[in-house]
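Comments concern the structure below.
What follows is calculated from the coordinates using simple rules that are stated; it is not laboratory data. These numbers come from a predicted model, not from an experiment. So basically every Cβ, Gly included, is an ideal-geometry build from the backbone, and we count neighbours across all protein chains shown.
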Amino acid sequence: MRAGSFFIRTWRILSILGFVGLLLSSYISYPIDVAFRFNEEGQAVKYFSRETVFYTSVALFILVYVVTNAVAKLFPKLPADKIPNPNPAQWQGYRQELAAVYVDWFYALAAAFNTILALGLMVLSFLNNNNRTNVGASDYAWLLPLSTAILGIVIVSLPVRLMMKPPVDDAA
């Protein structure tokens, strides 16, 4: 197993465990009505029930998990000429390696969504902490740029990886 594949699979497993852990701990810490929108003074103006937050999060997680796993399992079965590749001459004869790059990318995409969803649950839990009296808009402004950066890095990594040379098997 290559180092990149190991990193992606480890990140995927840790993101699943982190999401489940944060989902359960946030559910316990949420009040019955979870504030999710605040005005300029930091006072809550819109609420969801904690069950709605819980089941919506679980549904998003399952949807992302099922879709990315299905595509990752089916992708290696595609005919070689149907696999999108910006540099087909460079990857000719490396069909399995090309499929592995795509499978790793789908797993990284799932891990990115899991990580972002877990961070969102964590911030929502912090915002609804009973010890907080006034929530500033800038307190958790890091979530959107961080989420965008995570998704951007994962999305850009596929074309960058496809422009690189295929891995050479030294054992052969």
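Per-residue 3J(HN,Hα) values for the range 10-16, derived from phi via the Karplus relation 6.51 cos²θ - 1.76 cosθ + 1.60 with θ = phi - 60°, read 5, 4, 4, 5, 5, 5, 5 Hz in sequence order (x marks Gly and Pro). Stretched out straight at 0.36 nm per residue, the stretch from TYR55 to LEU144 would grow longer than its current Cα-Cα span by 29.8 nm.
Express in whole angstrom the spacing between the alpha-carbon centres of the range 75-91 and the range 16-32. Using only Cα atoms to place each centre, the spacing works out to 40 Å. Averaging the sequence gap over all C-alpha pairs within less than 8 Å and six or more residues apart, then dividing by the number of residues, gives the range 3-163 a relative contact order of 36 percent. Annotation note: GluC sites (Glu not before Pro) in the range 22-75 located in DSSP loop regions with a Cβ neighbour count of at most 15 within 10 Å are GLU40, GLU41. 3J(HN,Hα) along the range 36-51, derived from phi through the Karplus expression 6.51 cos²θ - 1.76 cosθ + 1.60 where θ = phi - 60°, amounts to 10, 10, 10, 8, 5, 7, x, 9, 5, 10, 9, 9, 10, 6, 5, 5 Hz, with x in place of Gly and Pro.
Considering only ALA118, ALA108, ALA59, the mean-square fluctuation computed in a Gaussian network model of the chain, springs between alpha carbons under 10 angstrom, is largest for ALA59. Add +1 for every Lys or Arg and -1 for every Asp or Glu among the other residues with Cβ under 14 Å from the Cβ of PRO86, and state the total. My count for the surroundings of PRO86 gives +2. Placing dummy labels 7 Å off each Cα toward the beta-carbon, the span from ILE153 to GLN90 is 2.2 nm.
Distant-in-sequence amide contacts of SER49, defined by a placed amide H-H separation under 5 Å and a gap of 5 or more residues or a different chain, comprise VAL34.
Simple spin-label estimate for PHE7 and GLU40 gives 4.4 nm between the two label positions (7 Å along the Cα-to-Cβ direction from each Cα).
Restricting attention to the chain, the count of lysine pairs at 8 or more positions apart or across chains with alpha carbons under 29 Å apart stands at 4. The gain in end-to-end length when the LYS165 to TYR65 segment is fully stretched comes to 33.0 nm, 0.36 nm per residue minus the alpha carbon separation. When semi-axes √(5λ) of the Cα gyration tensor in Å is calculated for this entry, the matching label among [x] 31, 24, 17; [y] 40, 16, 13; [z] 29, 17, 15 is [y]. For PHE38, the amide hydrogen comes within under 5 Å of the amide hydrogens of VAL45, counting only partners 5 or more places away or on other chains and with H modelled in the peptide plane.
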